[in-house]
Amino acid sequence: MIARLVGPTIWLVEGCPQPVAFFLGRAVYLFYVDESGDPHGWESQDNFVLGGVAVHEGQVRRLCAELDAVQKAFFPGIAVPFEFHAQRIHSGKDRFRAMSQERRTELLNTAYDVIARAGFPNLVGFISAIHVSAVTSPHQALSDCLGDICQRFNTFLVRQYSAGHPDKGLLIMDESGREPRVRELMAEFDQRGTRWGYLGNIIDVPYFADSKHTRPLQLADLLAFAASRYFSSNDDTFLQRVLGRIDRRGPTGDRVGLKHLIGADHHCSCMAIH
């Protein structure tokens, strides 16, 4: 049952945890974004990270089913879905506290394989991180990081258009308590663009969901955690597993979906674009 119309093409459907898009002759990418770190937490971190997975609308159910299958394989006695939160798995917290480190690593690797197996353009990954050297305030850190990852997603959609696929995108973020600020920023980006250009292919307002109930947001969390481990601890163990899903300009082009924002005087030799 369709509950109500939101704008010209986005519908909220009763019983569905996320918006459903209907376009005539067009596909929609749902852009799930989660964070690692805190834009206010510079006393204890050097990087704030946003990780995003752009999922073709036709692939959402399949990816959810794949993560459900991972849960069934590792927790066959638990039928109710629960959240795969990368940091909690890695640290052995909550549901994962009784698992050995080896078993938790196996679980993470199996979950990352869900991302790694998703072929282009069914799932496309994006990572934007900002280093403390580029930060002047928490608001600026969130603004620059969010603007950057949205711009990279928009650029992917522009390339899709040039290839004959006039796709559009919808932003869906994990609930973090920063919803009002994110809405303000996205409204500003819509009116004036980001530092890097306009977001003409990201439609409507941002939507927010609880990652406990939304499997694709858990994929975004996995990506953000992998990036955080790399930027903060120089550990690319998990990032390497999903590097093939990061957006790039052509099969052998630059990996434009991976960006590290740094200060003018900061030297960084990481694999990201600066």
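The values are calculated or read from the model by the stated rules, or taken from the named source; none is laboratory data. As the structure is a prediction and not an experimental result, all values here were calculated from the model. Cβ atoms come from the backbone with ideal geometry, glycine included; neighbour counts cover every protein chain shown. Protein only, heavy atoms only, side chains kept; ligands, DNA and RNA dropped before computing areas. Shrake-Rupley method; radii C 1.70, N 1.55, O 1.52, S 1.80 Å.
The condition of being more than 20 Å from ASP34 (Cα to Cα) and touching a residue at least 60 places away in the same chain (Cβ under 8 Å) holds for only one of SER133, SER100, SER128, that being SER133. Do you know which residues across segment 165-213 are part of a loop (DSSP other than H, G, I, E, B), out of contact with any strand residue (DSSP E or B) (no Cβ under 6 Å at 6 or more places or on another chain) and on the phi > 0 side of the Ramachandran plot? Within segment 165-213, GLY177, GLY193 meet the criteria. Taking the criterion of being of a type in the set (A, V, I, L, M, F, W, C), outside any strand (DSSP E or B) and within 16 Å of HIS260 (Cα to Cα), the residues of segment 102-142 that qualify are VAL132, ALA134, VAL135, ALA141, LEU142.
Go through segment 222-274 and give me each residue that's of a type in the set (Gly, Ala, Ser), within 22 Å of VAL33 (Cα to Cα) and touching a helix residue (DSSP H, G or I) at 6+ places or on another chain (Cβ under 9 Å). Listed by number, the residues that qualify are ALA224, ALA226, ALA227, SER228, GLY244, GLY257, ALA272. Here SER228 fits the description: closer than 29 Å to ALA187 by Cα, small (Gly, Ala, Ser) and open to solvent by 20 Å² or more (accessible area, probe 1.4 Å). If we scan segment 94-108, do we find a residue that is modelled with pLDDT of 95 or more, touching a Lys or Arg at 6+ places or on another chain (Cβ under 8 Å), open to solvent by less than 30 Å² (accessible area, probe 1.4 Å) and not aromatic (Phe, Trp, Tyr)? For segment 94-108, residues modelled with pLDDT of 95 or more, touching a Lys or Arg at 6+ places or on another chain (Cβ under 8 Å), open to solvent by less than 30 Å² (accessible area, probe 1.4 Å) and not aromatic (Phe, Trp, Tyr): absent.
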